[in-house]
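J.: I am attaching a structure below and will ask some questions about it afterwards.
Each value in this text was obtained by applying a stated rule to the coordinates, not by laboratory testing. Quick caveat: nothing in here was measured; it's all calculated off a predicted structure. Don't worry about glycine lacking a Cβ; one is built from the backbone with ideal geometry, like all the others, and counts go over all protein chains shown.
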Amino acid sequence: MNELLSEKIGPGKLVLSISNDRVELYVSWLPHDAHELPALKLEDLTPLLEKARISVTEERRGLLDRSLALMEGFTPPIVNYLLLSGQAPVPGQPAIIWKVDPGTGKSEDDGLAAFDPYSVQRFINVNEGETVCELVTPVKTVDGVDVYGQVVHGPEIDDKPVKPGQGMILQPDGRTCVAQTSGAIHFKEGAISVQPLLEIKGDVNFKVGHIKFNGTVQIRGTILDNFNVSATKDVFVSGNIEASRVEVGGALVVNGGITGHLTGTIKAGGTVKAKYINSATVESLQEVLVSTEIISSRIRAGTKLVAERGALVGGNANAGELIRCAVLGSKMGQLTRVAVGSEKKAEHKPMMNVLRRLYSNVNMKIGARCQMLTVDEKTGPLLIKEDEESPGLIQML
């Protein structure tokens, strides 16, 4: 509310105020001292209204007379009494009534403490079988009129009709739309559909923010440091993955490499493929397949861990069935721990006896090709690490 003007009238002070939308006009009738105030008359009020450029038409005279007559029932001081009102705009009804959370990522608190530059997600995420919206007949917005007689425009409403599109099922009531698949809501040519694939045409950066998607994600760039990507299905990355947190329900395919800077973590329900892995934690319920090297990383594969043409150096590596690489360990003395098979504690002597029969020397030189080694539930895991007393050798424990 804003004060328009004030003026001394006899023993009192008359103040006119207006609402922020200029639709309502208020009057205050305040005594200067302890004097009793007479009833406020229209002839006292009219000059002040004209001074405020509010016209007093014949229609308004009747409205003002009734307002002042009701005002006589109050004892001064009278503060912000509604004197006159225009017509507020009536918002229309869009063609869609949402039944899901838009998920903008913004907090209700607009303070700086709640600001997160990494959370800028704008698309609407839905699950298969979820009620997304109701389609209704759109209603246009009706503009209002303020106390000056000027038009007050209401909020703009998209009153174009909408129809269900791909991935959306219209229920028998002819109104309710249910998602046929998981994904993101998409509008095109008057149709609302569900897209199971989210495509990012570049890097995952501050413009894109964290990604949480119910479906498959295609990233045409790199996932930069400190950004999170979560998808219920597969994720394809054309570039690299830096020190990020990536959780995938399906497979993760990275055309470049994974450089975790000791903080990056990868969790996947399916196969993980990358050119290289450096200083990262990677967990997969299936395979971890790397074209070149795995350096100073923590790897856990449900079935196989393969670095076909490169080295597995430093860190920890565990696979349920086999580990295969071109070079295991390093002559620089960096400790490399490898485990194949079940993590259950078991007696390793049966496996050691087999290995001793296969190799005349249990110690193998670094640089030799590693063999495919498997362990069943009875024998427990095979652990391999560099011999700390003899750098350049690995020891089977």
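J.: Extending each Cα 7 Å along its Cβ direction at Thr46 and Arg175, get the distance between those two points in nm, one decimal.
T.: So the two model labels end up 5.2 nm from each other.
J.: List the residues whose amide H sits under 5 Å from the amide H of Thr141, counting only those 5 or more places along or on another chain, with H placed 1.01 Å from N in the peptide plane.
T.: Gly92, Ile157
J.: Moving to a separate point now. With the Cα gyration tensor of the range 118-228 giving a ≥ b ≥ c as the square roots of its eigenvalues, does the rule (a/c under 1.5 for rounded; else a/b larger than b/c for prolate; else oblate) give rounded, prolate or oblate?
T.: The shape class here is oblate.
J.: Would you order Met71, Met332 from fewest to most other beta-carbon atoms within 10 Å of each residue's own beta-carbon?
T.: Fewest to most other Cβ atoms nearby, the residues stand as Met332, Met71.
J.: Something else now. If I take R0 = 45 Å and measure r between the Cβ atoms of Thr137 and Glu58 in this structure, what FRET efficiency does the formula 1/(1 + (r/R0)^6) give, to the nearest 0.05?
T.: The pair Thr137/Glu58 has a calculated efficiency of 0.70.
J.: Counting other Cβ atoms within 10 Å, keep those with at most 16, restrict to DSSP loop, and tell me which trypsin sites (Lys or Arg not before Pro) in the range 236-328 are left.
T.: Those satisfying the criteria are Lys275.
J.: Continuing with this model, one more query. Would you mind ranking Met1, Met168 so that the residue whose beta carbon has the fewest other beta carbons within 10 Å leads the list? Could you put the intermediate results ahead of the total?
T.: Numbers: Met1 9, Met168 22.
Least crowded to most crowded, the residues run Met1, Met168.
J.: From the phi of every residue in the range 83-98, what ³J(HN,Hα) in whole Hz does the Karplus formula 6.51 cos²θ - 1.76 cosθ + 1.60 yield, where θ is phi - 60° and glycine or proline is x?
T.: Going residue by residue, I get 9, 8, 9, x, 10, 5, x, 9, x, x, 10, x, 6, 10, 10, 6 Hz, with x marking Gly and Pro.
J.: Rank these for me by crowding, Leu289, Leu5, going from fewest to most other beta carbons within 10 Å.
T.: Least crowded to most crowded, the residues run Leu5, Leu289.
J.: Pulled fully out, how much extra length does the chain show between Val151 and Glu36, if you take 0.36 nm times their separation in residues and subtract their Cα-Cα distance?
T.: 37.4 nm
J.: Once label points are set 7 Å from the Cα along Cα→Cβ at both Ile97 and Arg309, what is their separation, rounded to one decimal in nm?
T.: 6.1
J.: Loop only per DSSP, at most 13 neighbouring Cβ atoms within 10 Å: give me the chymotrypsin sites (Phe, Trp or Tyr not before Pro) in the range 36-100, ordered by residue number.
T.: Phe74
J.: Using each residue's phi in the range 56-70, evaluate 6.51 cos²θ - 1.76 cosθ + 1.60 at θ = phi - 60° and report the 3J(HN,Hα) Karplus result to the nearest Hz, with x for Gly and Pro.
T.: Residue by residue, the range 56-70 yields 10, 7, 4, 4, 6, 4, x, 5, 5, 4, 5, 5, 5, 5, 5 Hz.
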